[in-house]
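What follows is one structure encoded as structure tokens, with my remarks underneath.
The values are calculated or read from the model by the stated rules, or taken from the named source; none is laboratory data. In this text, all values refer to a predicted model and were calculated from it rather than measured experimentally. Ideal geometry is used to build each Cβ from the backbone, glycine not excepted, and the neighbour counts take in all protein chains shown. Calculation scope for accessible area: heavy atoms of the full protein, side chains included, ligands and nucleic acids excluded. Shrake-Rupley method; radii C 1.70, N 1.55, O 1.52, S 1.80 Å.
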Amino acid sequence: MENKVIKTKKGIFIKTDKKFGAIVFSPYSGLFFAISREYVTDTISYCENKKNKLPDKIAKNLNIGIVKDKNFEIKSHWLPENNAFSYIDDSTLPNSPIVINWLISNNCCFSCNYCYAGDVIDKPTEMADATEIAQKIMETNPLAVVFSGGEPLREKQKIIEGLNVLGNKVGIIIDTNGYHYDNDLAKLFQKYNAIVRVSLDSLHSELNSKIRPLKNKKSNTNVLNTIVTNITKYREMKIPVLIHTVVSSVNKNSLYDLYDKLPTLGVNGWRLFSVINPNDESKQEQFKKLMTFGKAKNMDDAQQEIQKEIEFFSNKHISKSNFSLQIVHSTDSQKNSVILVLPSGQFATESRLKNEKIKISIESIFNKVDLVGHYERYLGIIK
Ligand code: SF4
């Protein structure tokens, strides 16, 4: 039996389930953890600052971003370890979302070559009332909600309305291109313990702009500088920041540079995604150019090279408590592991077979969304 999400005294969000255990979202690190059944009571007591016997192994991970502990390796998001979950199978996984991605905006000033929302951006859409959408999202009992788009910060009023409903009830993540900054919104992010995720593909201005160009290229010649300045503003307000990087043929050799330099910006962590086909037909030609950059002869070749590079990189680099590293295996076959809410309020997921979004009903989300894939997307491979 699954319970509603609670925000504990420590500020950590927890959703419990009798058969499964618990799933935790920490707004201090932006990380999700699964807690095995036998430690759920102690985890809640620990997060409520009550007496507990929580093993150090779990407490250390929950404390990332709260306590400046000795830097340690994050070995798994299944706590205390993967073996402790030998009792789970598909029927034990709770049937409610860990994360919902709300595409609150259908516009963006960038024109990224691989944009995953190209079929939504600048397309005529009937925009629904943000308060009503947020209430509908609450009905599905997610642990966390991502405000995404397009660029969510271009929809200030909707974010305010959405946060009014969701703030302090679920974890809040803001997915932004980092180019926009709004002081009023930043104060709200602080108030509701939101974490900001900024998309950045390279710390070389030219390379980053090649993959993620502004629509109006002449409007700002130093986009990267603007993004870095905005990251600094969030960090000065003690708002945690994670960086999202999409690995393509153009930046696959920049990973080592990013791994070395991102911590110097004071960011809390880094998530890497392998590039997938954009679902907007008009972008296919541009995308092909991006993929066949360098030595790759064709798209399959390019994808294989990217996967090889990511694997090589991830074998050599560990995730640490002061700079977490997550590789999200977003291959085409796992596209339907994500739950989206479109600007119209319609729930959807990406089709596994075609480049399009498919509608889902809120009563039976996991009929079309891959339940195991959804868990592994946020928590890593189960066993
Ligand atoms: S910033 Fe995000 S939403 Fe905007 S074009 Fe790039 S990928 Fe698409």
- Item | Failed criterion for ALA128 (all others in (1) of a type in the set (A, V, I, L, M); (2) open to solvent by 10 Å² or more (accessible area, probe 1.4 Å); (3) in contact with an Asp or Glu (Cβ under 6 Å, 6 or more places away or on another chain) hold) | (3)
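I'd like to check something: does segment 88-102 contain any residue that is surrounded by 14 or more Cβ atoms within 10 Å (Cβ to Cβ), within 16 Å of the ligand (Cβ to nearest atom) and modelled with pLDDT of 95 or more? If you could, list the steps in order and put the result at the bottom.
Filtering segment 88-102 for residues surrounded by 14 or more Cβ atoms within 10 Å (Cβ to Cβ) gives 88, 92-94, 96-102.
With within 16 Å of the ligand (Cβ to nearest atom) added as a condition, the list becomes 101-102.
Still in the running and modelled with pLDDT of 95 or more: 101-102.
Yes; the residues of segment 88-102 include at least one that is surrounded by 14 or more Cβ atoms within 10 Å (Cβ to Cβ), within 16 Å of the ligand (Cβ to nearest atom) and modelled with pLDDT of 95 or more.
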- Task: Out of VAL170, VAL146, report the one residue that is crowded, with 21+ Cβ neighbours inside 10 Å and either modelled with pLDDT under 95 or within 16 Å of the ligand (Cβ to nearest atom) (or both).
- Result: VAL146
- Just to be sure, is LYS57 assigned to a loop (DSSP other than H, G, I, E, B) and either under 25 Å from ILE239 (Cβ atoms) or not assigned by TED's automatic domain parsing to the domain that holds VAL145 (or both)? no
- Task: Please report, ordered by residue number, the helices (runs of 4 or more DSSP H) entirely within segment 191-309 with at least 1 residues that are within 13 Å of the ligand (Cβ to nearest atom), acidic (Asp, Glu) and in contact with a Pro (Cβ under 9 Å, 6 or more places away or on another chain).
- Result: none
- Message: Go through segment 108-120 and report how many residues are more than 6 Å from the ligand (Cβ to nearest atom), open to solvent by less than 20 Å² (accessible area, probe 1.4 Å) and closer than 16 Å to GLY345 by Cα.
- Response: 1
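Could you tell me whether any residue of segment 282-304 is over 30 Å from ASN141 (Cβ atoms), more than 21 Å from the chain's Cα centre (by Cα), at pLDDT 90 or above and open to solvent by 50 Å² or more (accessible area, probe 1.4 Å)?
If we filter segment 282-304 for residues that are over 30 Å from ASN141 (Cβ atoms), which is where we start, we get 282-304.
Okay, now just the ones that are also more than 21 Å from the chain's Cα centre (by Cα), so 282-304.
Filter again for at pLDDT 90 or above, leaving none.
Within segment 282-304, not a single residue is over 30 Å from ASN141 (Cβ atoms), more than 21 Å from the chain's Cα centre (by Cα), at pLDDT 90 or above and open to solvent by 50 Å² or more (accessible area, probe 1.4 Å).
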- Query: Among (1) closer than 21 Å to GLN326 by Cβ; (2) out of contact with any Ser or Thr (no Cβ under 9 Å at 6 or more places or on another chain); (3) assigned to a loop (DSSP other than H, G, I, E, B), which single condition is PHE25 missing?
  - Reply: (3)
- State whether the residues of segment 191-198 include one that is open to solvent by 20 Å² or more (accessible area, probe 1.4 Å), of a type in the set (Gly, Ala, Ser) and under 18 Å from the mean Cα position of the chain (by Cα). no
